[in-house]
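See structure below.
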Amino acid sequence: MRVRQSFPSVLIFAFISACGGGGGPSGETVTTTPPPVFESPHPDIWDTVSASEAGFDGDTLDSAFEYAMTDGFYSQAVLLIKDGKLVKERDRGITDAEAATLASVSGLPEGQSAGYWQDLYGDRDAASTVTSWSTAKSFASALIGMAIEQGLLDSTSQSASDFIDEWEADDRASITIQHLLDMRSGLIPKCSRPDTGLVGECSDYLSASSGGNIIYAAGQLSECIDRKFAVPGTVYPWVSPQGDGAYEAGQFYYSNCDTQVLGEIIFRATGQDPGLFAQQNLFEPLNIEADWWRDDVETGQSNGNYLTYCCLDSTAQDFAKFGYMLLLGGIETSEGQNYASYVSEILAQEETYRNQFWAYCDGPPFTASPDCENVLVMTIGFDGQYILVDQKNDIVLVRNSLYVPILNFSDERKMRLNPLVLAESNWVASLPLAMLGPGSDFGILTFYLAVAEALLSDS
């Protein structure tokens, strides 16, 4: 099994938001139907069915996928699973127009030619690697649930300081694992300073938003642990500009660091680094091959600390297996462990963001609401990385951007970062649309509605 990470954008401020799952409404309740439990085994290779066999109108479904593969979205892979079968998948490399655009903006000497991009991204198919960005956060959450079921963690209400002993002697001892899962730790975000390359408290809301803090640090984990507790009522420059800018206790604040600390809790609680623990408990049972990137230190969990907040590389088909596991209600193993309780909690969440997963209603206004009849649970990563689970219709949708890991220093999947010399950072050009700034404007709910429209009423 492989274990990987993801890369920020070529522009500094683009990367500041790179690993964020994006903003969204929060705090409203939703209702869901109970998940099915182990209707079928976890597939090694997906069985395929035609659109009509799966209950879809083929022409309407084709139109939905044409939207997903539109030039300008920089899509690499889009697929649909229905009732545990692969109905449709589209994969592509870079288009001539996209390559020409990248050549016009690239700061890399070799990247001035469209041919460079065509050679790098020209051959992409179902076996090609894609990356998760912040979708990896949801995988880290699943590992927490597994550690609880194995008795290695007491519960999500357990104090994080039981494992992060650096927090034992101050106010940070009040932070629970659930606080970290829900991005409500109350810890002050850290950002890189492009002028100096140093890491410090974020100086404004823009640089701190979307979770893209502590990017330019070799030892990202240590920077995450070494954060101060925010004082309730204090005005901070990184707090949302809405209102008076004062921090409120328990406030939702999307932060890569919260998930990075969860990875260290997994390590200290289980005695295994997150990569090995995931391989044995998640990837192997689901027949997933994956690579998870690490930070650029020689110490830590495993010659570097796994970047659990991002950067899990696999194939779109293997990412779909994670979504299907949710639909099945857990993991069926020969040892009898299924983790169904934690999965059921995820699928029944009543907040837009909880346990490192997002939840939206399947129709307007799409935000979580008390009267929502069908909740869409999804993972979200920068530049349009999605695993969407439609519980009512037993559908899994996956979408990923064009991606090639740029390992220009070694074959190790370790994130090397230099804010002052971008060409020395090995994430440059790994996610090509990020070079243009904000990332893809692909709309997952637009795509979902188009797919749902293709679903025949009598299916």
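For region 290-305, name all the residues that are in contact with an Asp or Glu (Cβ under 6 Å, 6 or more places away or on another chain) and at negative phi. D291, Q301, S302, N305 - these are the residues of region 290-305 that are in contact with an Asp or Glu (Cβ under 6 Å, 6 or more places away or on another chain) and at negative phi. Quick one: is L388 aliphatic (A, V, I, L, M), at pLDDT 90 or above and out of contact with any Gly (no Cβ under 6 Å at 6 or more places or on another chain)? Criteria met by L388.
Every condition in (1) acidic (D, E); (2) part of a helix (DSSP H, G or I); (3) closer than 20 Å to I406 by Cβ is met by E166 except one, and the failing one is (3). Here F366 meets the list (1) under 21 Å from A320 (Cα atoms); (2) part of a loop (DSSP other than H, G, I, E, B) almost entirely, failing just condition (1). Every test in (1) more than 20 Å from R268 (Cα to Cα); (2) out of contact with any Phe, Trp or Tyr (no Cβ under 7 Å at 6 or more places or on another chain); (3) not polar (S, T, N, Q) is passed by F163 save one, and that test is (1). Filtering region 299-314 for residues that are out of contact with any Cys (no Cβ under 7 Å at 6 or more places or on another chain) and closer than 20 Å to S155 by Cβ leaves a non-empty set. Of the residues making up region 244-266, none is outside any helix (DSSP H, G or I), modelled with pLDDT of 95 or more and either under 21 Å from the mean Cα position of the chain (by Cα) or more than 28 Å from A127 (Cα to Cα) (or both).
Taking the criterion of being over 14 Å from the mean Cα position of the chain (by Cα) and in contact (Cβ under 8 Å) with a residue 40 or more places away in the chain, the residues of region 280-290 that qualify are N281, L282, F283, E284, P285, L286, N287, I288, E289.
The values are calculated or read from the model by the stated rules, or taken from the named source; none is laboratory data. No experiment lies behind these values; they were computed from the predicted model shown. As a convention, Cβ positions derive from the backbone with ideal geometry for all residues, glycine included, and neighbour counts pool all protein chains shown.
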